[in-house]
Amino acid sequence: MTQTRGIDYGHAVRDAVLAGMVALLVFGPITGLQLSGYEVVARMQWPLLFAGIVTLGRFCMAVWVQTEAGERSLARMRAKRSGGVTVAEGKGKNWQQKLVPFALIGGLALPFILMDNRYWLTVVLLALIYVLLGLGLNIVVGLAGLLDLGYAAFYAVGAYVLAMGAQYWDMGFWGALVLAMVFGALLGMLLGFPVLRMHGDYLAIVTLGFHEIIRLILTNWVSFTGGPNGASAPLPTLFGLEFSRRAKQGGQPFHEFFGIDYSASYQYMFVYLILFLFVVAAIVFCVRLRQMPMGRAWEALREDEIACRSLGINHVTVKLSAFMMGAMFAGAAGVFFATYQGFVNPTSFTFIESAMILAIVVLGGLGSITGVVIAALVLIMLPEVLRDFASYRVLAFGIVMVLMMIWRPRGLMHIVRPRFTEKGA
Amino acid sequence: MSEAMLKVSGLTMRFGGIRALNDISFEVQRGSISALIGPNGAGKTTVFNCVTGFYKATEGALTLHPQAGQSYNIPKLLGEPFQAADFINPVAFGRRLYYKMFGGSHRVANAGVSRTFQNIRLFREMTAVENLLVAQHIHMVRNPLAGVFKTKRFREAEERAVERAYFWLDALNLRDDANRLAGGLPYGRQRRLEIARAMCTGPKMICLDEPAAGLNPSETAELAEMIRMLRDKHGVTVLLIEHDMSLVMKISEHIVVLDHGEVICAGGPDKIANDPQVIAAYLGVADEDEVNL
Ligand SMILES: Nc1ncnc2c1ncn2[C@@H]1O[C@H](COP(=O)(O)OP(=O)(O)O)[C@@H](O)[C@H]1O
Ligand SMILES: [Mg+2]
């Protein structure tokens, strides 16, 4: 802008006071009331301080956006926001591809580095499970554009396949892994059929309902699932070698076979390594998907279903395949979760779980694989790093979400579309 | 010539109480450029939607003859309601159930009819080439495992598809936009890209819904050449809806005029230009000022 415009301080003050009052309302009950014995005492200095910071910050911001520098950077932000998608430049590798070998080596070395730190080993393991879940939901929400709020249902089913399989049919980890994926895909199809005609909000509500149905079945079918008491889940075996201190009848534990001392870390390291390889395979699959007819059809369906139909694509099978593929990923993740925890019960699979996975996908950038991986690692590991601020976790989560919506509404990573050139050219 | 490419007879379409189309009959000859004209709200787009299978016609027969000796009954492809007789004839029952489950407008497209839309429907966040690759979906190797391991068959199919995509980009003068996002292209090019995408499905008949809407005169002239080229060089039958009368009169051989859901006149350009009923229908509409017959 060329002509200089006066800064409207009155407006800034009004905005700042309003923001301060809202902050007081929000922080007041959270940080101002403290329990001491049986009494709730009001300590209003904290909320007042926070509200003061917010007021001041809002004032500075309101003034800043009216200056020329502020206007320029806002304009730049707006320009960036409009294009969340770019096309690959040439054949060269981008920074994400250059990082791949380091990530591979780092990922494989990690369990050996963390060998003596079982706590962190389990945290990393959990984060990897969420990477897998994020990749799966990314297919349904990010690629096919079907808002699924009940994704944790398939996750639960995967976990219960391992637990129930071990309990009733003497099934091991490996068998359950395959069965959970098949079973997950079938359930995905079952959910897919009734929701074929639905879009957006309606689809979200039905998937939410589906999730509750599965959770209630798991809770109330006590004779089979054990209900709220849950059931135990076995550890994986390596060519029949077990990872417990003492093997079950007839078996031989891993440490005895190799003649080393027993350590409880081995089992987590082993699960980690299997999971890591599984996740790598899943990532390769997802990367390839975007250049395969299947993935392209999903994205086309997200962009315009009617146009898809006019091109001879059967939208029914395309939608079903997206649901099935997503559910397969969740089924596998469920098996890993069950073996990691050694125990399953319905409280691990509440709606919050679905919301968390959805947050990973949205933060990652709806369709970006690198984004999903980073978002999963950050969202699961950051709370562990910030243990001391545990009570502010949800607050921090909310702030991150708000900031993301302002600066990166299309997610952490920009989507890069593949480039196609003619063979001769 | 044997049979007409498309035969519409007695087509009626009702939306609740509204009768959008009333007993429409017309034919589209193989290898012709035909036009469907009429004032706004006459029901032209509704005819397209019935022909391409997006609406199920309330009444009437729509028969498609993409090639000599080949014929499709469009309502059947969409899946018809069960009849009482089906419940005693398992074969008929099974067939109807099959079409009910797996039928739909995509089958009409696969039978050889492709279309563009009045308000452009591109895959906006995909590149132009990708738009054209999606159009060839049914000719690709779709097995995900073949795709992951890049089998020979898969690679060959992909290469062929990319080649074909570039062929149509060239034909519609869009080569420079190959790797640009479809949503970011200028309006005129989006219209052409939509035509290219429709052609990539390998249709026998293409239905263009107001392809010149929003184009400037030079773009419109270019478009007219391209539509001619589609027919002359590639042998597709063209059925178009258009408001630009000079374009319609210049390129089409057969014109059907609709008004209030009824055919009021059909014939060659000369006949239409001098028909008093057509002139009345057009002059009767207040804001149709661009019309000069
Ligand atoms: N899906 C629908 N539901 C209800 N009415 C419709 C629908 N589609 C079209 N119509 C009605 O049919 C009539 C013809 O519309 P249309 O075919 O779009 O006209 P045009 O000749 O301008 O393309 C209009 O009166 C419109 O309101
Ligand atoms: Mg119309």
For chain B, averaging the sequence separation of alpha carbon pairs under 8 Å that lie six or more residues apart and dividing by its residue count, the contact order in percent is 24
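From the P(r) of chain B, could you give the percentage of C-alpha pairs in the tail past 30 Å?
36
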Drop in accessible area of at least 30 Å² in the complex versus isolated chain, residues of segment A:298-330, 1.4 Å probe:
A:ALA300, A:GLU303, A:ASP304, A:ILE306, A:ALA307, A:ARG309, A:SER310, A:LEU311, A:GLY312, A:ILE313, A:ASN314
Counting C-alpha atoms alone, how compact is segment B:18-72: give Rg to one decimal and Dmax as a whole number, in angstrom.
12.3, 37
For segment B:122-202, whose charge dipole is built from +1 on Lys and Arg Cβ atoms and -1 on Asp and Glu Cβ atoms, the candidate among B:VAL134, B:LEU145, B:ALA182 with its Cα farthest towards the positive end is B:LEU145
Within chain A, percent of DSSP bridges classed antiparallel, to nearest 5
60
A:ALA103-B:LYS7 pseudo-label distance in nm [points 7 Å out on the Cα-to-Cβ vector]
6.0
In chain A the accessible area split gives carbon plus sulfur, as whole percent at 1.4 Å, a share of 68
In Å², rounded to the nearest 100, what is the total accessible surface buried by chains A and B against each other with a 1.4 Å probe?
3500
Name the residues whose placed amide hydrogens come within less than 5 Å of the amide hydrogen of B:CYS265, ignoring near sequence neighbours (fewer than 5 apart) on the same chain.
B:VAL257
So what is the calculated 222 nm ellipticity per residue for chain B, using -39500 (n - 2.57) for each DSSP H run with n of 4 or more, over all residues, to the nearest 500 deg cm²/dmol?
-12000 deg cm²/dmol
By how many degrees, 0 to 90 and rounded to 10, does the Cα axis of helix A:95-113 deviate from the longest principal axis of chain A?
50
Report the percentage of all Cα-Cα pairs in segment B:122-202 whose separation exceeds 22 Å, rounded to a whole percent.
24
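What number comes out for accessible area per residue over segment A:9-82 if the probe is 1.4 Å? Units Å², please.
71
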Kindly state, to the nearest 0.05, the FRET efficiency for B:ARG14 paired with B:GLU262, given R0 = 22 Å and r defined as their beta-carbon distance.
0.95
For chain A, modelled as a GNM with alpha-carbon contacts under 10 angstrom, which of A:SER73, A:SER232, A:SER368 fluctuates the most?
A:SER73
For the pair B:ARG95 and A:TYR9, what calculated FRET efficiency results from E = 1/(1 + (r/R0)^6), where r is the Cβ-Cβ distance and R0 = 51 Å, to the nearest 0.05?
0.10
Mean-square fluctuation check for chain A, GNM, Cα pairs under 10 Å: which of A:GLU39, A:GLU305, A:GLU71 is largest?
A:GLU39
Could you pull out the pairs from B:LYS7/B:LYS271; B:LYS44/B:LYS271; B:LYS150/B:LYS204; B:LYS44/B:LYS76; B:LYS7/B:LYS100; A:LYS319/B:LYS100 whose alpha carbons sit more than 27 Å apart here?
B:LYS150/B:LYS204
Put one equal scatterer on each alpha carbon of the protein assembly as shown, apply the Debye formula with no solvent term, and list log10 I(q)/I(0) at q = 0.06, 0.09, 0.10 1/Å to two decimals.
-0.49, -0.98, -1.11
Accessible area in the full protein assembly, largest first, 1.4 Å probe, for B:LYS233, B:LYS100:
B:LYS233, B:LYS100
Segment A:305-348-segment A:131-189 distance, computed between alpha-carbon centres (Å)
7
By accessible area (1.4 Å), largest first, A:LEU149, A:LEU289 order as A:LEU149, A:LEU289
Sulfur and carbon atoms: percent of accessible area, chain B [1.4 Å]:
51
What value, in deg cm²/dmol to 500, does the helix sum -39500 (n - 2.57) over DSSP H runs of n ≥ 4 give at 222 nm once divided by the residues of chain A?
-21500 deg cm²/dmol
In segment B:197-228, whose amide N lies under 19 Å from the spot 7 Å out along Cα-to-Cβ of B:GLN67? List them in ranges.
B:199-206
Over segment A:9-82, what portion of Cα pair distances is larger than 14 Å, expressed as a whole percent?
67
Simple SL model, points at 7 angstrom along Cα→Cβ for B:PHE82 and B:ASP176; separation in nm is 5.9
Candidate aspartates and glutamates - alpha carbon under 12 Å from A:LYS423, same-chain residues fewer than 8 apart omitted:
B:GLU156, B:GLU158, B:GLU159, B:GLU163
Solvent exposure ordering (accessible area, 1.4 Å, most first) of B:LYS150, A:LYS423, B:LYS44
A:LYS423, B:LYS150, B:LYS44
Computed over segment B:145-293, the convex hull of the Cα set has an average projected area, in nm², of 11.6
Connecting C-alpha atoms closer than 10 Å in a GNM of chain B, tell me which of B:PRO269, B:PRO217, B:PRO66 has the biggest fluctuation.
B:PRO217
Quick calc, A:VAL284 & A:SER36: beta-carbon distance into FRET formula, R0 45 Å, rounding 0.05, result 0.20
At a probe size of 1.4 Å, how large is the accessible area of A:PHE112, to the nearest 10 Å²?
120
What is the spin-label model distance, in nm, from A:MET401 to B:GLN118 if the labels are put 7 Å beyond Cα along the C-beta direction?
4.0
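The values are calculated or read from the model by the stated rules, or taken from the named source; none is laboratory data. None of the values given here were measured: they were computed from a predicted structure. Counting neighbours? That spans all protein chains shown, and the Cβs are built from the backbone with ideal geometry, glycine included. The area values use the complete protein model at the heavy-atom level, side chains included, leaving out ligands, DNA and RNA. Shrake-Rupley method; radii C 1.70, N 1.55, O 1.52, S 1.80 Å.
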